[in-house]
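Notes for the one structure printed next.
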Amino acid sequence: MKRGYPGSPSNSSASSPPKSRLKYTPKGDADFSNDFVQRVADHYSARTNQTLEEREASPIIHSKKLNNWIKSVLVQQHTEQGDAVLDLACGKGGDLIKWDKAGAGYYVGIDIADGSMEDCRTRYNGDADHHKRRKKFTFPARLICGDCFELRLDEVLADDAPFDIVTCQELQLHHG
């Protein structure tokens with residue numbers, strides 16, 4: 001199967017995602033720099049996972065729940081059994097369960113923050129479920145740490161394409 005590449009968490013032991021080369025700078029934007037992009041990646045890498053109690057105590061918990069519900073509806077309505085999914089800015093993998101329930105057949109997640117990708121890999125491998133409530137995910141996955149503006153996606157994803165769904169939901173309804 002073309003999607004069973006050697007570095008996939010589904011085909012080998014988990015390893016660290018590749019480091020991104022951060023050098024994209026739009027012309028004419030004096031405030032935008034490599035340092036800014038790296039600070040964004042570092043910010044998300046440094047964010048710790050919250051307990052259920054901490055999440056429920058958040059002042060924006062209702063916004064987060066609405067966001068999650070909207071994403072669940074969109075995933076369910078637009079995913080067909082076996083669809084290949086490319087998830088840009090996938091974060092810590094909080095939507096993996098949504099894709100699994102919808103019947104995705106293959107998943108590629110890309111995010112700029114290596115800490116978030118480690119959390120995503122941990123979640124995918126089932127190591128984050130301390131209560132053992134979930135079985136393993138039913139789809140193979142490839143998780144890539146990189147800047148979507150910097151990576152040559154046509155080259156990086158050549159063995160994974162084509163995709164039935166390309167999504168960037170974390171940036172669509174982002175909250176603090």
note = Residue hits (segment 110-141; farther than 20 Å from Ser45 by Cα, surrounded by fewer than 23 Cβ atoms within 10 Å (Cβ to Cβ) and at pLDDT 90 or above) are Phe137, Thr138, Phe139, Pro140
task = Select from segment 35-68 the residues that are of a type in the set (Gly, Ala, Ser) and part of a helix (DSSP H, G or I) and write down the one among them that is surrounded by the fewest Cβ atoms within 10 Å (Cβ to Cβ).
result = Ala46
task = Go through segment 79-97 and give me each residue that's part of a loop (DSSP other than H, G, I, E, B), at negative phi and free of Cβ contacts under 8 Å to residues at least 60 places away in the same chain.
result = Gln81, Lys92, Gly94
request  = Would you point out the residue of segment 146-176, among those that are of a type in the set (A, V, I, L, M, F, W, C), more than 12 Å from Asp87 (Cα to Cα) and touching a Ser or Thr at 6+ places or on another chain (Cβ under 9 Å), that is modelled with the lowest pLDDT?
outcome  = Leu173
key: Residues located in segment 69-109, provided they are surrounded by fewer than 13 Cβ atoms within 10 Å (Cβ to Cβ) and charged (D, E, K, R)   = Glu80
note = The correct count of residues that are touching a Pro at 6+ places or on another chain (Cβ under 6 Å) and either of a type in the set (S, T, N, Q) or free of Cβ contacts under 8 Å to residues at least 40 places away in the same chain (or both) in segment 143-165 is 0
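The values are calculated or read from the model by the stated rules, or taken from the named source; none is laboratory data. What you see is a predicted model, and the numbers here were worked out from it, not measured in a lab. Counting neighbours? That spans all protein chains shown, and the Cβs are built from the backbone with ideal geometry, glycine included.
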